[in-house]
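The structure under discussion appears below in the form of structure tokens.
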Amino acid sequence: MSIGPIESQIVNTLSSFMNLVSLKIINESFMHNVPEGSESHFKIVVVTNDFNNLSIIQRHKLIYKNLDSLMNKIHALSIHAFNEEEFKLNPVILDSPECANK
């Protein structure tokens with residue numbers, strides 16, 4: 001499955017601002033009441049040692065700051081932000097719940 005333009009921009013933006021160990025982007029738009037092919041709901045799993053000594057809130061703020069120019073195109077963003085050691089200890093990412101309005 002090919003990635004869309006917004007997902008591609010997320011990859012390019014985060015890759016240019018962070019020293020990524022791993023980046024996984026899941027377009028969850030299909031789980032919501034949106035047109036087919038939409039790019040409005042994303043889950044991202046970001047692993048970088050840039051998060052060392054940062055709180056969860058600081059990590060999320062850093063991601064939102066970097067994605068600022070894209071946030072007007074994204075309706076929902078679920079962020080899972082880890083440093084490398086944290087991800088090695090617990091690599092399990094929970095599934096998102098189904099949308100009630102689908």
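Observations
- Estimated from helical segments only, the mean residue ellipticity of the chain at 222 nm is -8500 deg cm²/dmol, where each DSSP H run of four or more residues counts as -39500 (n - 2.57).
- Taking N19, N49, N33 in turn, the Gaussian network model of the chain (Cα-Cα springs below 10 Å) assigns the largest fluctuation to N33.
- H60 - accessible surface, heavy atoms, 1.4 Å probe, Å² rounded to 10: 50 Å²
- Charge dipole magnitude, Cβ of K and R +1, D and E -1 - the chain, Cα centre, debye nearest 20: 180 debye
- Relative to the longest principal axis of the Cα atoms of the chain, the long axis of helix 5-17 makes an angle of roughly 10 degrees.
- Considering only N90, V47, S2, and ranking their Cα positions along the charge dipole of the chain that arises from unit charges at the beta-carbon of Lys, Arg, Asp and Glu, the one farthest toward the positive end is V47.
- Placing unit charges on the Cβ atoms of the charged side chains and taking the dipole of the stretch 15-80 about its Cα centre, the candidate lying farthest along the positive direction among I56, H75, S38 is I56.
- Length added when fully stretched, E36-S8, from 0.36 nm per residue minus Cα-Cα: 8.3 nm
- Assigned charges on the beta-carbon of Lys, Arg, Asp, Glu; the stretch 2-62 dipole about Cα centre (debye): 260 debye
- Shown is the FRET efficiency for S55 and K24, computed with R0 = 30 Å from the Cβ-Cβ distance and rounded to the nearest 0.05: 0.85.
- Net charge of Cβ neighbours under 13 Å - reference N52; Lys, Arg +1; Asp, Glu -1: -3
- The C-alpha atoms of the chain define a longest principal axis, and helix 56-66 lies at about 60 degrees to it.
- Across V45, V34, V11, mean-square fluctuation computed from a Gaussian network of the chain (C-alpha pairs under 10 Å connected) peaks at V34.
- Set of aspartates and glutamates near K88 by C-alpha distance (under 17 Å), chain-local residues within fewer than 8 positions excluded: D50
The values are calculated or read from the model by the stated rules, or taken from the named source; none is laboratory data. Values in this document were obtained by computation on a predicted structure and should not be read as measured data. All Cβ positions, glycine included, derive from the backbone under ideal geometry; neighbour counts span all protein chains shown. Just so you know, the surface numbers come from the protein's heavy atoms only, side chains and all, with ligands and any DNA or RNA stripped out. Shrake-Rupley method; radii C 1.70, N 1.55, O 1.52, S 1.80 Å.
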